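Inspection log for the structure reproduced underneath, given as structure tokens.
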Amino acid sequence: MPEAFQFLASSIPGTEDLLCRELRDLDFSGVRLNKGAIPFRGSRREGWRACLASRIAQRVRVLLARFPAPDEEALYAGIRAVDWQPYITWRQTLSVGAVCRSSAISHSGFAALKAKDAIVDQIRAREGKRPSVSREDPDVRVYLYLVEDRAAVYLDLSGEPLHRRGYRLQTGEAPLRETLAAAILRLSGWDRVSPLVDPLCGSGTIAIEAALWAAGQAPGLSRDRFGFERWADFGREEARAMRELRGELRAAASGNDPRIQASDLDGEVLKAARANARRAGVKISFRRRSLFDLQGDGAAKILVTNPPYGVRLDAGTDFCRRAGAAFSRLHGWRVGLLAGSPEYERAISQKPRLKVPLPNGDLQCDFLIYDIP
């Protein structure tokens, strides 16, 4: 691999600008706003650091090659011309995914198959054996983007998606992705110092992500390993460098400990939330309490929550109406809701100061921010 790489960090649709700002805050080079994914440049170590330190990125990929691919022969030749030896031997398993747009090769499955054949044929010609394909848990994930008859070939550094931090072994009925929780916390305008409340905390994802962010603790430190640690060229020297990087990021944590309160009416899901917080190494005040008992007395706070809605959880119009009334009583507070039902917006009489469309899995939601007068 060359000394300088072009990386691509992908995020949940609608959070690209947040990821762009985050990568700049983390001092990555060559960061620019782009729809769908954010490019940046750096050494191999910078790609590792992005996997460990980004709270919003879903995946981080590294560019291996670009070439014209007007037909299947050109695609095969271009893929086979890439030197795959540093990443894949016959001992590694691989998967290949493809996206085709405005190209002569329009079937993504066919493009992925041709790319896989080219990789396997090169390795078999060199080593006498071929690697196996694994769709569930491959050692090496290859991504092909074929746009207007030009191919771009990437390797995925992440392995499992980066929202799988490693601390959340127990979840509630409808868990929120950690990367989406981190994104809405940034959107809320929370300063990482003011008191923060989540009165419908479920398995604690928003509260835990808030505590990690406030402490400056890299979210990827909870992960056992990443995809690049399974590549053929990741040996003892690379493992030592990775341990050093983890140590540097641990040492850089600020230790800031704002007051974060999380509550839920479900006692079992609170047990899961407490266990998740312990694994994440953060301190959060959990208590069993109904949303409707929440009072706005005392100092103003920021509330960020993912209330139940629609097919996600059983939440009818009456619950949304009562929840809207409870939020409206929090005078002087800022309230941020990831709302999957328009009933929440209807239940609050004032207009939101910010409304951002965001998908939560397969559900289209709006993140609503209110400054309660």
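The values are calculated or read from the model by the stated rules, or taken from the named source; none is laboratory data. Since we're looking at a predicted model, the values are computed, not measured. Please note: Cβ atoms are built from the backbone with ideal geometry, for glycine as well, and neighbour counts cover all protein chains shown.
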**Fill in**
Scanning segment 213-224 residue by residue, those out of contact with any Leu (no Cβ under 9 Å at 6 or more places or on another chain) and either of a type outside the set (Gly, Ala, Ser) or surrounded by 24 or more Cβ atoms within 10 Å (Cβ to Cβ) (or both) turn out to be Asp224
**Message:** When you scan segment 275-285, do you find a residue that is touching an Asp or Glu at 6+ places or on another chain (Cβ under 8 Å) and either among the aromatic types (Phe, Trp, Tyr) or modelled with pLDDT under 95 (or both), even just one?
**Reply:** yes
**Request:** Considering only segment 173-222, state which residues are farther than 20 Å from Ile369 by Cβ and polar (S, T, N, Q).
**Result:** Ser203, Gln217, Ser222
**Prompt:** What pairs can you find where one residue is in segment 323-334 and in contact (Cβ under 8 Å) with a residue 12 or more places away in the chain, the other is in a helix (DSSP H, G or I) and buried (at least 20 other Cβ atoms within 10 Å of the Cβ), and their Cβ atoms are less than 6 Å apart, with a gap of 6+ or different chains?
**Reply:** Gly324/Ala347
**Asked** What residue, among those in segment 167-191 that are among the small types (Gly, Ala, Ser) and modelled with pLDDT of 95 or more, is surrounded by the most Cβ atoms within 10 Å (Cβ to Cβ)?
**Response** Ala182
**Fill in**
Exception for Tyr344 within (1) within 23 Å of Lys301 (Cα to Cα); (2) surrounded by fewer than 17 Cβ atoms within 10 Å (Cβ to Cβ); (3) touching a strand residue (DSSP E or B) at 6+ places or on another chain (Cβ under 7 Å) falls at (2)
**Request:** Return yes when Val60 is modelled with pLDDT of 95 or more, in contact with a Phe, Trp or Tyr (Cβ under 7 Å, 6 or more places away or on another chain) and either more than 26 Å from Trp231 (Cβ to Cβ) or buried (at least 24 other Cβ atoms within 10 Å of the Cβ) (or both) and no when it is not.
**Result:** yes
**Asked** For Leu196, are the conditions met, namely being surrounded by 20 or more Cβ atoms within 10 Å (Cβ to Cβ), in contact with a Phe, Trp or Tyr (Cβ under 7 Å, 6 or more places away or on another chain), under 24 Å from Gly336 (Cβ atoms) and in the same structural domain as Leu354 (by TED's automatic domain parsing)?
**Response** yes
**Message:** Which condition from (1) in contact (Cβ under 8 Å) with a residue 40 or more places away in the chain; (2) surrounded by 15 or more Cβ atoms within 10 Å (Cβ to Cβ); (3) over 19 Å from Leu303 (Cβ atoms) is the one that Ala241 breaks?
**Reply:** (2)
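So which of Phe28, Phe5 is touching a residue at least 40 places away in the same chain (Cβ under 8 Å), in contact with a strand residue (DSSP E or B) (Cβ under 6 Å, 6 or more places away or on another chain) and of a type in the set (Phe, Trp, Tyr)?
After ruling out the rest, the residue left standing is Phe5.
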**Message:** Among the residues of segment 263-300, what is the count of those that are under 22 Å from Cys320 (Cβ atoms) and surrounded by 12 or more Cβ atoms within 10 Å (Cβ to Cβ)?
**Reply:** 11
**Message:** Among the residues of segment 129-155, what is the count of those that are assigned to a strand (DSSP E or B) and under 25 Å from Gln6 (Cα atoms)?
**Reply:** 14
